[in-house]
Amino acid sequence: MSNWTKYFNGKRVWVTGASSGIGKALVEALGEAGVSTVASARRADRLSKLAERYECVRALPMDITDFEASDEMATRAWDLLGGLDILINNAGASHRFLFAEAEPEAIQRIIDVNLAGPMHLSRAVVARMLAAGGGHLVTITSLAARIQTPQRTVYTAAKMALHGLFDSLRGEVEPHGVAITLVAPGFVRTEISESAVTADGDAYGMTGEQHARGMPPDLCAQRILTGVASRRREFSVAVTPLLRYAAFVRRYLPWLYFRLIAKAKVT
Ligand SMILES: NC(=O)c1ccc[n+]([C@@H]2O[C@H](COP(=O)([O-])OP(=O)(O)OC[C@H]3O[C@@H](n4cnc5c(N)ncnc54)[C@H](OP(=O)(O)O)[C@@H]3O)[C@@H](O)[C@H]2O)c1
């Protein structure tokens, strides 16, 4: 077991996407460690169950795509805990569509959940953190930002953009005590493929093979909290040997990577 609890001790944390998968596991780990935490997502019933289990956890239902409410939500989270030290931008959604077949609404939804939502929320939170003298912004991106595959075009674009946004922001906020951490997971056993958006906007409804065999969310949460506690700027979790190989080939032999990926079976 790691000693991440030392870093989180006495800190106030806001986790988005807390109703399932990685976000829920993060809240459970924080709850067990007695860390004051606000848990957000749309499914209020699931958040209430978490808040019932842990005295230190508060539920704050929220749709991250409602950008106009970002400031109000940041104020509410801040007020619930009397301040915020760490924001974990974890809410996200994937898709299963070919780019040429996607409805504009399906494309927009992926951009709003994965990029625009966390961007507006982070802006609202970082302004408060700067005024308070410091904080830590953590964002869950994806290995898709390093290994581009078919059927994940818009998701990949959003996750790569998060790296651009937060890497650019470092120079503005790190000198003022706000740390930034980007976490890129590989395959984690969550609801991400069931809820993935199809070309016409419906949910995919099936568990992908790779995700079914992925890292359990509780182990992933421990790895994430350990990396955050070390204040690492960027790290990966749940990386399989195949993903490691693909990332190497993509980086050093891109001509080979794109030849192989055009023939690969991506589900
Ligand atoms: N699982 C993987 O293998 C994997 C790999 C790479 C990256 N990731 C990233 O990890 C993060 C967590 O995903 P997960 O795998 O744990 O998937 P998940 O089980 O599907 O969880 C996604 C979470 O995001 C929330 N969410 C979705 N749309 C939202 C909205 N409009 N407003 C507020 N919350 C919303 C969901 O809650 P509600 O539906 O209740 O709102 C849910 O709590 C995502 O950013 C994902 O891209 C996952």
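The numbers here are math on the coordinates, done by the rules we state, and not lab data. From a predicted model like this one, the values you see are computed outputs, not experimental measurements. Glycine also receives a Cβ, built like all others from the backbone with ideal geometry; neighbour counts cover every protein chain displayed.
Annotation note: Cβ proximity below 8 Å between a residue of segment 209-221 that is under 12 Å from L243 (Cβ atoms) and near the ligand (Cβ under 10 Å from one of its atoms) and a residue that is aromatic (F, W, Y) and not in a helix (DSSP H, G or I) (sequence gap 6+ or interchain) occurs for Q210/F187; G214/F187; M215/F187.
Of all the criteria given as (1) within 11 Å of the ligand (Cβ to nearest atom); (2) acidic (D, E); (3) free of Cβ contacts under 8 Å to residues at least 12 places away in the same chain, the one not satisfied by E172 is (1).
Pick from G186, G214, G208, G135: which is buried (at least 17 other Cβ atoms within 10 Å of the Cβ) and touching a Phe, Trp or Tyr at 6+ places or on another chain (Cβ under 6 Å)?
Values: G186 fails: touching a Phe, Trp or Tyr at 6+ places or on another chain (Cβ under 6 Å); G208 fails: touching a Phe, Trp or Tyr at 6+ places or on another chain (Cβ under 6 Å); G135 fails: touching a Phe, Trp or Tyr at 6+ places or on another chain (Cβ under 6 Å).
Result of the check over G186, G214, G208, G135: G214.
The numbered conditions (1) over 21 Å from T16 (Cβ atoms); (2) without any contact (Cβ under 8 Å) to a residue 40 or more places away in the chain are all true for Q108 except (1).
From the set of residues in segment 185-208 that are touching an Asp or Glu at 6+ places or on another chain (Cβ under 7 Å) and of a type in the set (A, V, I, L, M), which is farthest from A25 (Cα to Cα)? Once the filter is applied, the top-ranked residue is A199. Of the candidates A44, A59, A33, the single residue that is surrounded by fewer than 19 Cβ atoms within 10 Å (Cβ to Cβ), closer than 21 Å to T190 by Cα and hydrophobic (A, V, I, L, M, F, W, C) is A44. For F235, state whether it is surrounded by fewer than 18 Cβ atoms within 10 Å (Cβ to Cβ) and assigned to a helix (DSSP H, G or I). Taking the combined requirement at face value, the residue does not satisfy it.
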